[in-house]
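Worksheet: the structure to be examined is printed underneath.
The values are calculated or read from the model by the stated rules, or taken from the named source; none is laboratory data. Bear in mind that the values here come from a model prediction, so they are computed numbers and not experimental data. Note that we place each Cβ from the backbone using ideal geometry, even for glycine, and neighbour counts take in every protein chain shown. Heavy atoms of the whole protein, side chains included, go into the accessibility calculation; ligands, DNA and RNA do not. Shrake-Rupley method; radii C 1.70, N 1.55, O 1.52, S 1.80 Å.
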Amino acid sequence: MKDQLHSLFSQAIEQLKADQVIPSDHQITLMFERTRQREHGDFATNVAMTLAKPARRNPRELAELVVAALPADDLITKVEIAGPGFINVFLDTSARYAVVSNVLAAGDQYGLAPAGSGQKVMVEFVSANPTGPLHVGHGRGAAYGDALARVLSAAGHAVEREYYVNDAGRQMDILGVSVWIRYLQANGIDTTLPENAYQGDYVVEMGNQLAAEHGDAYVVSAEDITQARGELELEAALDAVIALAKSRLGEAGFGVFFELALNTILDDIRQDLGEFGVHYDTWFSERSLYTDGKVDAVVKKLQASGDIYEKGGALWFKTTAYGDEKDRVVVRENGQPTYFASDIAYHADKLERGFDLAINVWGSDHHGYIPRVVAALQALGLDSEKLKVLLVQFAVLWRNGEKVPMSTRKGEFVTLRDLRDEIGSDAARFFYAQRKSEQHMDFDLDLAKSHSNENPMYYVQYAHARICRIFDNAAERDIQFKAAEGEQLAVLDGEHEIALLTLLARFPELIQSAAANYEPHQVSYYLRDVATAFHAYYNASKILDAEPEARQAMLTLCAATRQVLRNGLSVLGVGAPESM
RNA sequence: GUGCCCGUAGCUCAACUGGAUAGAGCAACGGCCUUCUAAGCCGUAGGUUACAGGUUCGAGUCCUGUCGGGCGCGCCA
């Protein structure tokens, strides 16, 4: 419909160019908007206002000329010029109710662009360090990332979801050693867990499990540990204990603790996300970048191109040459690569896998990290425009009017699983999906739990369930439903019906807009609008008591509304129950 | 100190990316169930879009400054 308007107005503008009203070389972006008020017709365009300057005429006068040059067409019944120079277009009513048939014909594909019509896109999200259960902060990233992936694929893109597993580096050593200490305690060794190690109960459980499986095979004395720590400060003391564990147990022995911790936690995360409705195509291991030699390769390549220099025994990447504020270390003085080194290899690998677009969903605390990753891609001769980093603000949790602390190491946090148990996966997803990603967000746990029925999701689902019930009741009353078509739908001209029809017609545009702007929250607001329009309609009309012919048309509208609600909820990854 | 994000009704958030009279939900007040699910509907009230300038036909949206909040600025990840 918009395309048709576009073509008609383009013809009019070409005509004006030919008449030399507008400079013929002027580039025009023709935009149509759905109007907010009925008096303004169905669509409006501001083209006359944007042309005012190049044409050196006042907008209203230009609007007159555009309208005069507009070819006749059945679609348009009336055109008005309003305000400072808007051109308001009124469409033929048959164009309005035709949407019902379109919805029913397309079914669960309505609003969705054909698969493969878009780009090849990867969405990497959550990627939390596998050092403990996911907390509600990760939940926002999970809900946003997955809804984004769904919106993008609804808009026709081929989407892959990826989780980058940080299974290398010091954090994992700390986790391994935390489990080891708990294991020692389970074997009766009188030692304490350093306060900067992982404190969670899950670490205790793993220690107990390993003590049961391996007995005292990996035990050292409490004195050895005390001696290793010596008078060192916190972090250095922890490193000393890690070194002790590695030297006494060997790589293989330490690996027992490390691997169990990693696998247990990763399985838990995978299950947690699965129950949240989030499923990944790829779990990409950071360690594999080392074992496959990709980190080395990328460092050598940057050395060869002169982007890496040595200073103070460390290797530095000249990221300032690509707009970063300071240069960054990639290989430390002690020969250990930094996290940045593997991240360069990871992002290079992503783009080399042939995605048109690689989206990273990151917590906003990582925003300072973006310039150096972009720098790395540019230095490697890759197209950094293909990387898009979307930042999600972490939610601030409130309980009893106080901020809830969130520290993984201290084991003090509300887990995603707790939240799902309290309010359910669907409600949690919908709640997160209602917020724009970069918006700061307050999450009041007491409110979320005690007033869970006030979650707008129920409002939308209720509209769906109500429609299902109407059809149940129709069947009980022996009313046979056969979708009305064409002129039979012309009775749908009440205020509520027109509002509903207009909304249903907007759905495909909405999906495109939500995808183009990476804003899945647009879908949740849209669904609420559809539900509002339906509930109002429902209360105003006794559908099953209407005259048979009108009743068929009304039921057809209900069926179309139900379909759109279903499709929209599915884009958010939320269910559409048939009864509530 | 410096860089990025944010500031909209009492609270939580929208606003089709520069458009017409800034909208919803909670909370408050008043109505609607012997009638397809009241998890609903209808109505009332609530605003100097943090503040001050600027850009233009037109600004919550863009530019500058100020104030307030969050987050970065490691040979951590």
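Going by the structure shown, is A:Asp296 open to solvent by 40 Å² or more (accessible area, probe 1.4 Å), away from RNA strand B (no atom under 16 Å from the Cβ) and under 27 Å from A:Val159 (Cα atoms)? Write out each step before concluding.
On the way: open to solvent by 40 Å² or more (accessible area, probe 1.4 Å): yes; away from RNA strand B (no atom under 16 Å from the Cβ): yes; under 27 Å from A:Val159 (Cα atoms): no.
When the stated conditions are applied, A:Asp296 does not pass them.
Any idea which residue in segment A:325-340 is nearest to RNA strand B (Cβ to nearest atom), counting only those that are under 13 Å from A:Glu310 (Cα atoms) and open to solvent by less than 100 Å² (accessible area, probe 1.4 Å)?
Of everything passing the filter in segment A:325-340, A:Val329 is nearest to RNA strand B (Cβ to nearest atom).
Please indicate, with yes or no, whether at least one residue in segment A:527-542 is more than 21 Å from A:Asp92 (Cα to Cα) and among the acidic types (Asp, Glu).
Here is the first cut: in segment A:527-542, the residues more than 21 Å from A:Asp92 (Cα to Cα) are A:527-542.
When the remaining residues are screened for being among the acidic types (Asp, Glu), the result is A:529.
Within segment A:527-542, one or more residues are more than 21 Å from A:Asp92 (Cα to Cα) and among the acidic types (Asp, Glu).
Scan segment A:355-374 for residues that are assigned to a helix (DSSP H, G or I) and touching a residue at least 40 places away in the same chain (Cβ under 8 Å) and jot them down. Steps first, answer last, please.
The first filter runs over segment A:355-374 and keeps only residues assigned to a helix (DSSP H, G or I), leaving A:364-374.
Passing the criteria: A:Ser364, A:Pro371, A:Arg372, A:Val374.
Do we find that A:Ala559 is under 16 Å from A:Ala499 (Cβ atoms) and either surrounded by fewer than 16 Cβ atoms within 10 Å (Cβ to Cβ) or away from RNA strand B (no atom under 13 Å from the Cβ) (or both) in this structure?
On the way: under 16 Å from A:Ala499 (Cβ atoms): no; either surrounded by fewer than 16 Cβ atoms within 10 Å (Cβ to Cβ) or away from RNA strand B (no atom under 13 Å from the Cβ) (or both): yes.
No: the conditions fail for A:Ala559.
Against the conditions (1) more than 12 Å from RNA strand B (Cβ to nearest atom); (2) touching a Lys or Arg at 6+ places or on another chain (Cβ under 8 Å); (3) over 26 Å from A:Ile511 (Cβ atoms), where does A:Gly145 fall short? Just the number, please.
So the condition that A:Gly145 fails would be (3).
Quick one: A:Ala63 ticks every box in (1) away from RNA strand B (no atom under 16 Å from the Cβ); (2) in a helix (DSSP H, G or I); (3) surrounded by 14 or more Cβ atoms within 10 Å (Cβ to Cβ) bar one, so which box is it?
(1)
Which residues, counting only those in segment A:168-184, are open to solvent by 10 Å² or more (accessible area, probe 1.4 Å) and either outside any helix (DSSP H, G or I) or under 13 Å from A:Glu259 (Cα atoms) (or both)? Before you say what the answer is, go through the steps one by one.
First, the residues of segment A:168-184 that are open to solvent by 10 Å² or more (accessible area, probe 1.4 Å): A:168-171, A:173, A:182.
The answer is A:Ala168, A:Gly169, A:Asp173.
For segment A:236-248, give me each residue that is open to solvent by 70 Å² or more (accessible area, probe 1.4 Å) and either hydroxyl-bearing (Ser, Thr, Tyr) or touching a helix residue (DSSP H, G or I) at 6+ places or on another chain (Cβ under 6 Å) (or both).
Selection gives A:Ser247 alone.
Restricting the search to segment A:433-471, which residues are open to solvent by less than 20 Å² (accessible area, probe 1.4 Å), at pLDDT 85 or above and hydroxyl-bearing (Ser, Thr, Tyr)?
Those that are open to solvent by less than 20 Å² (accessible area, probe 1.4 Å), at pLDDT 85 or above and hydroxyl-bearing (Ser, Thr, Tyr): none in segment A:433-471.
Quick one: would you say A:Pro71 is more than 9 Å from RNA strand B (Cβ to nearest atom), in contact with a helix residue (DSSP H, G or I) (Cβ under 6 Å, 6 or more places away or on another chain) and open to solvent by 20 Å² or more (accessible area, probe 1.4 Å)? Write out each step before concluding.
Numbers: more than 9 Å from RNA strand B (Cβ to nearest atom): yes; in contact with a helix residue (DSSP H, G or I) (Cβ under 6 Å, 6 or more places away or on another chain): yes; open to solvent by 20 Å² or more (accessible area, probe 1.4 Å): yes.
Criteria met by A:Pro71.
Filter segment A:249-287 down to residues that are in contact with a Lys or Arg (Cβ under 9 Å, 6 or more places away or on another chain) and of a type in the set (Gly, Ala, Ser) and give me whichever is least open to solvent (accessible area, probe 1.4 Å).
Only one residue fits best here, namely A:Gly253.
For A:Gly313, all conditions in the list (1) modelled with pLDDT under 95; (2) out of contact with any Asp or Glu (no Cβ under 6 Å at 6 or more places or on another chain) hold save one; what is the number of the exception?
Among (1) modelled with pLDDT under 95; (2) out of contact with any Asp or Glu (no Cβ under 6 Å at 6 or more places or on another chain), the lone unmet condition for A:Gly313 is (2).
Please work out if A:Asn129 is under 39 Å from the mean Cα position of the chain (by Cα), within 11 Å of RNA strand B (Cβ to nearest atom) and closer than 30 Å to A:Ile174 by Cα. Give the steps one after another, and end with the answer.
Values: under 39 Å from the mean Cα position of the chain (by Cα): yes; within 11 Å of RNA strand B (Cβ to nearest atom): yes; closer than 30 Å to A:Ile174 by Cα: yes.
Considered against the rule, which asks whether it is under 39 Å from the mean Cα position of the chain (by Cα), within 11 Å of RNA strand B (Cβ to nearest atom) and closer than 30 Å to A:Ile174 by Cα, A:Asn129 comes out as yes.
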